Amino acid sequence: MAAQRRNLMQSHQSWTDDLPLCQMCGVGTAPNCVYGPDGKGTQSHPNEDGHLRFRGDDGCFLYGVFNGYDGSRVANFASQCLTAELLLGQLNSGHTDNDVRRILTQAFDVVEKSYFETIDDALAEKANLSNYLLPHNELSPQTQKVMERLKELEQEVSGGATVAVALILNNKLYIANVGTNRVLLCKSSSDGQNQVLQIGRPHSTDNEDELQRLAALGLDSARIRQAGQIAGQSSSRRLGDYRVKFNYNEIDVLSAAKSKPVVAEPEIHGGQSLEGVTGFLLLMSEGLINALESAHGPEQANQEIVAMVAAELAQQTSLEAVAQSVVDRVKRLHHDVFVSGRQRATYCSRHEDMTLLIRTLNYPLADAALTPTQGGRICPVSVPYSNSQSTSKTSVTLSLVMPSQSTLTNGTNTASTLEEGTPTPGSQSPTATLQSTNTQTQSSSSSSGDGSLFRQRGSQAAQPDETGRVPPYVDFSQFYRLWGSDHGDGQSMQGGLGPQ
């Protein structure tokens, strides 16, 4: 079996080639980047992130985001193997919540063991050659060959990945997390309020529960917190990474551990019923989260990303375009902060690979055939505004056009929506004006939009005035009012069109 897995990893074949992709989600990505003094960016290494989005039998859907490091080997293997362990008959509608959690835990265990089976031979060869390099050995041609081979083997076996997986079964949501990726669930209620839930906390060196777990193994939790990393990574749980799994007693900060300190055991949440839920699910790699938090600070990162997604859902006609637009926007924000030279610029000299997966839950997309002059509703979306002298941000509500209710669909096309059994919503679409409240294990935010900002467009197209202009569909008056107040220029605002 191990040889079979090794051969599969070296080929272009996949366990999951025949599984259908889910059409109710979109993925956006961006490669890592290091900025030079001139603001130009260069990619420092090949992309190491991965993702999955499959539709199984019996109303089962599986999504995942993988943040690889020191190569993409573990992320690629885990994305294939996890899918094979979960969607090839292991799950069905008769399973209880306890059954699903057990199957998820077992799947991660199988992935971890199977991966190490694929590098068994390389690890054995590496150990054997390492014994040859004794301290008194001269740097002979033979020794140089051994050193070159050891370097090749290290590249072959090194690396790991953090994983966030979402499973939908029986219209219930289950989240399995290992490491520092993030999962957000945005739910909109019938009265127009949004609630943003961060499901679980990252397994990092500032997670109190993880520090207590490590302390129980005999480690100095204060020292780990101060270091901020374990063997070069901030995660305290991860897939792969043989160094922290087998050689942890050779790593200073881990050497006192009574047993394996860095584990691949997932933290599982759910099942959470999705019955009647309107909103969307976000799976984000650590690189995307860190880029946004580096640019704007961590306080409102969840609210900002949800506002961006809601704004793009109101304008884009495909979920792929929505996800990619949000990733591109985060990338641009990160770059702009770096070149600005402002206070947070020092945190933005580089970013890692970024991945965003969006799964809608009865949430409307814009209609490609609908233009702003052909009807539709104006919905408020709150976006951050900060002045050049202050690091604090306030929330400015901009009005974005939404299509008429009769034209809304969920997904890239009506056919795929009906096939996957997701109804078209008949209620008011959610707004994205968000205010934050936090709890220890999951952070949430909720708000209602300002009703005065909802303006109903008639069925007739807006008529131009005597100058040939039509009334604005995006009201920037509040933004310009704040801008003018901040700069003290006292310029007037006319008709919501900004300074004249």
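Looking only at the stretch 221-255, count how many residues are surrounded by 14 or more Cβ atoms within 10 Å (Cβ to Cβ) and not in a helix (DSSP H, G or I). Total meeting the criteria: 12. Listed by first and then second residue, the pairs linking a residue in the stretch 209-233 that is under 26 Å from Gly68 (Cβ atoms) to a residue that is part of a strand (DSSP E or B) and not polar (S, T, N, Q), with Cβ atoms under 7 Å apart and 6 or more places separating them unless they lie on different chains, are Ile224/Ile230; Gln233/Tyr69.
The sole residue among Thr205, Thr143 that is crowded, with 22+ Cβ neighbours inside 10 Å, hydroxyl-bearing (Ser, Thr, Tyr) and touching a helix residue (DSSP H, G or I) at 6+ places or on another chain (Cβ under 9 Å) is Thr205. One residue alone among Lys151, Lys113, Lys126 is among the basic types (Lys, Arg), assigned to a helix (DSSP H, G or I) and touching a helix residue (DSSP H, G or I) at 6+ places or on another chain (Cβ under 7 Å), and that residue is Lys126. Screening Phe280 with (1) in contact with a helix residue (DSSP H, G or I) (Cβ under 7 Å, 6 or more places away or on another chain); (2) within 22 Å of Ser44 (Cα to Cα); (3) open to solvent by less than 10 Å² (accessible area, probe 1.4 Å); (4) of a type outside the set (A, V, I, L, M) gives one miss only, at (2).
I'd like the full set of residues that are part of a loop (DSSP other than H, G, I, E, B), farther than 21 Å from Phe116 by Cβ and within 20 Å of the chain's Cα centre (by Cα), limited to the stretch 46-98. If the condition is that a residue be part of a loop (DSSP other than H, G, I, E, B), farther than 21 Å from Phe116 by Cβ and within 20 Å of the chain's Cα centre (by Cα), then Pro46, Asn47 are the ones that fit. Would you mind stating whether Tyr69 is surrounded by 19 or more Cβ atoms within 10 Å (Cβ to Cβ) and modelled with pLDDT of 95 or more? Criteria met by Tyr69. The condition of being assigned to a helix (DSSP H, G or I) and open to solvent by 20 Å² or more (accessible area, probe 1.4 Å) holds for only one of Glu275, Glu312, Glu304, that being Glu312. Restricting attention to the stretch 132-148, the residues being at pLDDT 85 or above and not in a helix (DSSP H, G or I) number 0. Does Gly200 satisfy being open to solvent by 30 Å² or more (accessible area, probe 1.4 Å), part of a loop (DSSP other than H, G, I, E, B) and under 27 Å from Asp109 (Cβ atoms)? Here the answer is no, as Gly200 does not meet what is asked. In summary, Glu320 fulfils each of the numbered conditions (1) more than 27 Å from Asp38 (Cβ to Cβ); (2) open to solvent by 30 Å² or more (accessible area, probe 1.4 Å); (3) part of a helix (DSSP H, G or I); (4) modelled with pLDDT under 95 with the single exception of condition (4). Filter the stretch 180-197 down to residues that are under 20 Å from Gly276 (Cα atoms) and among the hydroxyl-bearing types (Ser, Thr, Tyr) and give me whichever is least open to solvent (accessible area, probe 1.4 Å). Of everything passing the filter in the stretch 180-197, Ser188 is least open to solvent (accessible area, probe 1.4 Å).
The values are calculated or read from the model by the stated rules, or taken from the named source; none is laboratory data. From a predicted model like this one, the values you see are computed outputs, not experimental measurements. Note that each Cβ is placed from the backbone with ideal geometry, even for glycine, and that neighbours are counted across all protein chains shown. We work out accessible area using only protein heavy atoms, side chains counted, and drop any ligands, DNA or RNA first. Shrake-Rupley method; radii C 1.70, N 1.55, O 1.52, S 1.80 Å.
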